[in-house]
1. Per-residue counts of other Cβ atoms within 10 Å, averaged by peptide: what ranking do you get for 20-29, 88-97, highest first?
2. Quick check on the exposure proxy: order Arg104, Arg15, Arg30 from fewest to most C-beta atoms within 10 angstrom.
3. In debye to the nearest 20, how big a dipole does region 1-56 give about its Cα centre with +1 on each Lys and Arg Cβ and -1 on each Asp and Glu Cβ?
4. Rounded to the nearest 0.05, what FRET efficiency do Asn110 and Met90 have when you use their Cβ-Cβ distance and R0 = 30 Å?
5. Scan around Ala23 for amide H atoms under 5 Å from its own, H built in the peptide plane at 1.01 Å from N, and keep only partners 5 or more places away or cross-chain.
6. How big is the dipole moment of region 6-109 about its Cα centre under a simple scheme where the beta carbon of each Lys and Arg is +1, that of each Asp and Glu is -1, and everything else is neutral? Debye, nearest 20, please.
7. Check Thr71: other-chain or 5+ apart residues with amide H under 5 Å from its amide H, H built from backbone geometry?
8. Of Leu14, Met90, Thr80, which is farthest on the positive side of the dipole of region 6-109, counting Cα position, with +1 on Lys and Arg Cβ, -1 on Asp and Glu Cβ, and the Cα centre as origin?
Amino acid sequence: MPQKTADELSVAILRRLADSPQASQRELARDTGVSLGKINYALRALIDKGWVKAGNFSRNPNKLGYAYLLTPSGIDAKVTLTRNFLARKMREYDRLRAEIEFLRQELDANPNLGPPSAAQQPSGSTKRTTE
């Protein structure tokens, strides 16, 4: 799996916390596909930026541990990061689509392109080396 950029991870965390503020760091790590240590580091960064507020509800018998709440600036950041993420992914998609179309046209124009099958290889083409 490709490694997530800091912005991609931030978007993933902010989106998950918007839906489930009570999600544990372990759940966030599992859902985002990164290590628990990386989630802890990323959450600390989001808290330091003022985008997330951590509340301790362990005194309440109906809650366990922390709840991570998006602040108003966190909600704004989520929207901005999501918009930028979507624009970047759309550009990647457009580039891939154009490359796929180019390759299809190339194959249509040259149906003999590609690795030769075993039947097409000349006999005796096995290369031997002596030491």
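1. The peptides rank, most packed first, as 20-29, 88-97.
2. Fewest-to-most Cβ neighbours within 10 Å comes out as Arg104, Arg30, Arg15.
3. 100
4. Given R0 = 30 Å and the Cβ-Cβ separation, E is 0.45.
5. Under 5 Å from the amide H of Ala23 lie the amide H atoms of Tyr68, each far enough along the sequence or on another chain.
6. The dipole magnitude comes to about 620 debye.
7. Val52, Lys53
8. Comparing the listed Cα positions along the dipole, Leu14 ranks first.
All of the numbers you see were taken from the coordinates with simple rules; none came from a lab. As the structure is a prediction and not an experimental result, all values here were calculated from the model. Cβ: placed from backbone, ideal geometry, glycine included. Neighbour counts: every protein chain shown.
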